[in-house]
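The block underneath contains the structure these notes are about, expressed in structure tokens.
The values are calculated or read from the model by the stated rules, or taken from the named source; none is laboratory data. Quantities reported herein were computed from a predicted structural model and do not represent experimental measurements. Here Cβ is always computed from backbone atoms with ideal geometry, including for glycine, and neighbour counts include all displayed protein chains. These area figures cover heavy atoms from the full protein model, side chains too; ligands, DNA and RNA do not enter into them. Shrake-Rupley method; radii C 1.70, N 1.55, O 1.52, S 1.80 Å.
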Amino acid sequence: MHKVIFIVIDGCRPDGIQAARTPHLDHLIGRGAHTFTMQSVFPPITHPAHVSIFTSIAPVTHGVLTNAGRPDPSAGAFSLLDLAKYGGKTVSGFFSWDHFTTLAAPGTFDFLVCSATAGRDDNDLIIMRHAIRHIVAEQPDFSFIYLEHTDKTGHRHGYMSPEYLKAIETADTAIGNLTAAFDQAHLHDTYHIIIQSDHGGIDFDHNRIVPEVMNVPWITAGPCIKNGHAITAPTSILDTAPTIARLLEIPPHPSWQGKVIDEALR
């Protein structure tokens, strides 16, 4: 049985990864598959984009169009998290924004950490420590890890600013801590890792339909993933849920609009 860890680095531009020092992401790119031209959705905003990632439908369909309040997806939006749970998988989540509790039905998460550390420079490292502790001990089938400091830094200091690149490096360090823990626990053959962003950013925001906002990285590595492969086919953040479902060996939901990224798979 294959297991998946899914990591979202909020507001991470592909050229930010290329400009920053990211040895751990670079290593995963080298031993896995990636694209730096995956497309976000409109509006390219954190909560609508995450709902689209997990339900594989566009915001105009699932109805979450803003970060304001506590918007809930429409009844026709079926989350990958719920699908995994219904398929008998154990599901865990680690994030610092309680809006994401709406990504799954009540009771879906077998283990959940929603840390009150948003805004701290070490938020991503704290979130990853919680995740590593649980994943190594319990080995859940599907884990969602959300790293938000990159986006907060982009809003505060500007996307592609020195501070923004440093925030990407912090996310890379957090991911390196995870892979180091996998080395010690001999879990690399157990888990697939998928890392992506929800949107990019330009100047101090991400409300324009331009490549700097709409292009996001998508990186994956694991036992069923091609080695050192640059994906050439067009991809969308709607494609993530079907691809994870394939790796978890559960059927996709009929309402999903995305497709499996077959080019990444062996």
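Here the peptides 8-15, 248-255, 37-44, 98-105 are ranked by packing, the mean other Cβ count within 10 Å, and the order with the highest first is 8-15, 37-44, 98-105, 248-255. In this structure residue 166 has an accessible area near 120 Å², from a 1.4 Å probe over the protein heavy atoms. For the chain, adding -39500 (n - 2.57) for each run of n ≥ 4 DSSP H residues and dividing by the number of residues yields -10500 deg cm²/dmol at 222 nm. Considering only 158, 63, 107, the mean-square fluctuation computed in a Gaussian network model of the chain, springs between alpha carbons under 10 angstrom, is largest for 107.
Positive contributions from Lys and Arg (+1) and negative ones from Asp and Glu (-1), summed over other residues with Cβ under 15 Å from the Cβ of residue 183, come out at 0. Largest accessible area first, the residues 256, 97, 218 order themselves as 97, 256, 218 under a 1.4 Å probe with ligands, DNA and RNA left out. Label reach from residue 60 (point 7 Å along Cα→C-beta): in the stretch 231-266, amide nitrogens under 15 Å belong to 257.
Checking the Cα-Cα distances for 166/259; 89/152; 89/259; 85/226; 85/166 against a 30 Å cut-off, the pairs over it are 166/259; 89/152; 85/166.
At a probe radius of 1.4 angstrom, the accessible area of the chain per residue rounds to 38 square angstrom. For the stretch 1-130, what are the per-bin percents of Cα-Cα distances with bins 5 Å wide, up to the bin holding the maximum? With a bin width of 5 Å, the distribution comes to 2, 9, 16, 19, 20, 19, 11, 3, 0.
Here the chain is treated with +1 on each Lys and Arg Cβ and -1 on each Asp and Glu Cβ, and its dipole about the Cα centre works out to around 280 debye. Just to be sure I understand the rule: take each whole DSSP H helix in the chain, project its Cα atoms onto its long axis, keep it if the span is 30 Å or more and its mean Kyte-Doolittle hydropathy is at least -0.5. Which ones pass? Helices meeting the criterion: 162-185. Carbon-plus-sulfur fraction of the accessible area of the chain, 1.4 Å probe, in percent? Summing carbon and sulfur atoms, their accessible area is 55 percent of the total for the chain.
Between residue 227 and residue 156, what is the spin-label point distance in nm, taking each point 7 Å from the Cα along the Cα→C-beta axis? My value for the distance between the label points is 4.1 nm. Report the Stokes-Einstein translational diffusion coefficient (µm² s⁻¹, integer) for the chain, Rh taken as the Kirkwood radius over Cα pairs, at 10 °C with viscosity 1.306 mPa s. Stokes-Einstein gives a translational diffusion coefficient of 88 µm²/s. Taking the alpha carbon gyration tensor of the stretch 144-266, multiplying each eigenvalue by 5 and rooting it gives semi-axes of 27, 21, 12 Å, largest first. With all projection directions averaged, the alpha carbon convex hull of the stretch 212-266 covers 4.3 nm². In this structure, residue 203 and residue 121 have a Cβ-Cβ separation that, at R0 = 35 Å, corresponds to a calculated FRET efficiency of about 0.95.
Backbone phi angles across the stretch 77-86, fed through the Karplus curve with coefficients 6.51, -1.76 and 1.60 (θ = phi - 60°), yield HN-Hα couplings of 8, 10, 7, 3, 4, 5, 4, 4, 4, 5 Hz in residue order; Gly and Pro are listed as x. Taking Lys and Arg as +1 and Asp and Glu as -1, the other residues whose beta-carbon sits under 9 Å from that of residue 243 total 0.
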